[in-house]
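**Q** My questions all concern the structure below.
The values are calculated or read from the model by the stated rules, or taken from the named source; none is laboratory data. The model shown is predicted, which means the values in this text are computed figures rather than measured ones. Cβ placement follows ideal geometry from the backbone for every residue including glycine, while neighbour counts extend to all protein chains displayed.
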Amino acid sequence: MLRRKEREITSIEDKMAIVDKCKACRLGLSDDDSPYVVPLNYGYCFEANVLTLYFHGAGEGRKADIIRKNSRACFEIDCDGELREGEKACSCAYSFKSVIGFGRITLSESSEDMNYKL
C-alpha cells in the first residue's frame, strides 16, 4: 500500500508509458525463506488489460532453480530518476516513476536457453 496516495499513478495509460520507457526490470523471487532479486531486461505485451512480461535467460542457475520450485514472483520497473538535493542529508530526495506488480512465472523451453513469462 502506497503511503503517499497523492503520488500514486492510477491511470493504466500512465503505467504503460512507464513500462514502455524503461529498459530494466527487477524480478523478485523467493528462495525458500530468502528473497532473491535480479535485474533483467524485458519485453512485454499488454492485451485485454493484462500485462505479460517476457525475460530471456539461461535454463540453469539460481534464478531457473528458484522458478522451478516457486513460480510466484513480483517485479519493479522504474525510470525518470532525479536527485533533489538539499542542505542536509534528510532533506535530499530521489524522485522517480515506477510500476510494481505480482504474478506467476511460466517457463518456455523454445530454444537452448529459457524464456520466462510473468
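**Q** If you scan the range 96-108, which residues turn out to be within 21 Å of residue 4 (Cα to Cα) and without any contact (Cβ under 8 Å) to a residue 24 or more places away in the chain? Before the answer, list the steps.
**A** Keep residues of the range 96-108 that are within 21 Å of residue 4 (Cα to Cα), which gives 96-102.
Scanning the range 96-108 gives a single hit, 96.
**Q** Being over 17 Å from the mean Cα position of the chain (by Cα) and modelled with pLDDT under 90: is that true of residue 62 here?
**A** Numbers: over 17 Å from the mean Cα position of the chain (by Cα): yes; modelled with pLDDT under 90: no.
No; evaluated as a whole, the condition is false for this residue.
**Q** From the list 5, 15, which residue is surrounded by 10 or more Cβ atoms within 10 Å (Cβ to Cβ) and modelled with pLDDT under 90?
**A** 15
**Q** With the condition being without any contact (Cβ under 8 Å) to a residue 24 or more places away in the chain and out of contact with any Ser or Thr (no Cβ under 8 Å at 6 or more places or on another chain), I'd like the strands (runs of 3 or more DSSP E) fully within the range 1-70 carrying at least 3 qualifying residues.
**A** Of the strands (runs of 3 or more DSSP E) lying wholly inside the range 1-70, those with at least 3 residues that are without any contact (Cβ under 8 Å) to a residue 24 or more places away in the chain and out of contact with any Ser or Thr (no Cβ under 8 Å at 6 or more places or on another chain) span 34-41.
**Q** Still on this model: Would a scan of the range 83-95 turn up a residue that is aliphatic (A, V, I, L, M), in contact with a strand residue (DSSP E or B) (Cβ under 7 Å, 6 or more places away or on another chain) and either free of Cβ contacts under 8 Å to residues at least 24 places away in the same chain or part of a strand (DSSP E or B) (or both)?
**A** Yes, the conditions are met somewhere in the range 83-95.
**Q** Tell me whether the range 24-38 contains one or more residues that are within 17 Å of the chain's Cα centre (by Cα) and loosely packed, with under 10 Cβ neighbours inside 10 Å.
**A** Within the range 24-38, one or more residues are within 17 Å of the chain's Cα centre (by Cα) and loosely packed, with under 10 Cβ neighbours inside 10 Å.
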